[in-house]
Amino acid sequence: MDAAQREVSDQIDDATQRLLGTARVIAEPDLRAPSLLPGWSRAHVLAHLARSADAMRNLLIGARSGTDRPAYASADARAAAIEQGAQRRPADLVADVAAAAMAFRTLTRQLPDEVWPVQVQILGSVPFPVGQLLTRRLAEVELHHTDLGLGYRPADWTATYAGLDLPEPMRSQRADRLSWFQA
């Protein structure tokens, strides 16, 4: 991991701690309430964050071993895992998010330098280098923390994240969140 990757990894750690600080105090009824994402409760958003970290970790494992390991078994399996996770009790769901984030972090910190340029993809996306998973994870955490609708807003994003040159579709997703709060 080079210095720039370490910096993004540190930003992920900070963003994850902010997210977990919010998630730990969500009461049961509020966890089941709608998030800012249509059709998803706050529990769905948190379950997605856990499964997304697992999916990214799958890509890292595949890249490290030189095998084509998919992020998710399928789009249906992704949706089912999110739905299943969203049914968990608040403490269990938060623990799942924390454990998945830590497993992703641990693997990224141990990844050999030669693996970072390996090309991967998520559910048919355009292939991208493993190194971009760090930026993608940071965007996932920041955007979905906002999506919880519990007071974390784009104004709370770090200047570094707010100014980061994101690839699509994350750039458009960040612009969407900005527009939600400018009205």
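Filtering the stretch 146-183 down to residues that are of a type in the set (Gly, Ala, Ser) and touching a helix residue (DSSP H, G or I) at 6+ places or on another chain (Cβ under 9 Å), which residue is nearest to residue 32 (Cα to Cα)? Filtering the stretch 146-183 for residues that are of a type in the set (Gly, Ala, Ser) and touching a helix residue (DSSP H, G or I) at 6+ places or on another chain (Cβ under 9 Å), the one nearest to residue 32 (Cα to Cα) comes out as 149.
Among the numbered conditions (1) among the aromatic types (Phe, Trp, Tyr); (2) surrounded by 13 or more Cβ atoms within 10 Å (Cβ to Cβ); (3) without any contact (Cβ under 8 Å) to a residue 60 or more places away in the chain; (4) farther than 30 Å from residue 65 by Cα, the only one that residue 152 does not meet is (3).
Looking at the structure I just gave you, is residue 52 crowded, with 19+ Cβ neighbours inside 10 Å, under 14 Å from the mean Cα position of the chain (by Cα) and closer than 15 Å to residue 136 by Cα? For residue 52, the condition - crowded, with 19+ Cβ neighbours inside 10 Å, under 14 Å from the mean Cα position of the chain (by Cα) and closer than 15 Å to residue 136 by Cα - is met. When residue 93 is tested against (1) closer than 28 Å to residue 114 by Cβ; (2) open to solvent by less than 30 Å² (accessible area, probe 1.4 Å), exactly one condition is not met: (1). Residue count for the stretch 163-183 satisfying the condition of being open to solvent by 50 Å² or more (accessible area, probe 1.4 Å) and without any contact (Cβ under 8 Å) to a residue 60 or more places away in the chain: 14.
Of all residues in the stretch 7-23, those satisfying the criterion of being farther than 24 Å from residue 181 by Cα and not polar (S, T, N, Q) are 7, 8, 10, 13.
Do any helices (runs of 4 or more DSSP H) lying entirely in the stretch 20-87 carry at least 1 residues that are in contact with a helix residue (DSSP H, G or I) (Cβ under 6 Å, 6 or more places away or on another chain) and small (Gly, Ala, Ser), and which ones are they? Before you say what the answer is, go through the steps one by one.
Working: elements: 28-32, 42-65, 75-86.
Counting at least 1 such residues, we get 42-65, 75-86.
Among the residues of the stretch 70-83, the one identified as open to solvent by 60 Å² or more (accessible area, probe 1.4 Å) and modelled with pLDDT under 90 is 73.
The values are calculated or read from the model by the stated rules, or taken from the named source; none is laboratory data. These numbers come from a predicted model, not from an experiment. Quick reminder, even Gly has a Cβ in these numbers, built from the backbone with ideal geometry, and neighbours come from all protein chains shown. Surface areas here come from the heavy atoms of the whole protein model, side chains and all, with no ligands, DNA or RNA. Shrake-Rupley method; radii C 1.70, N 1.55, O 1.52, S 1.80 Å.
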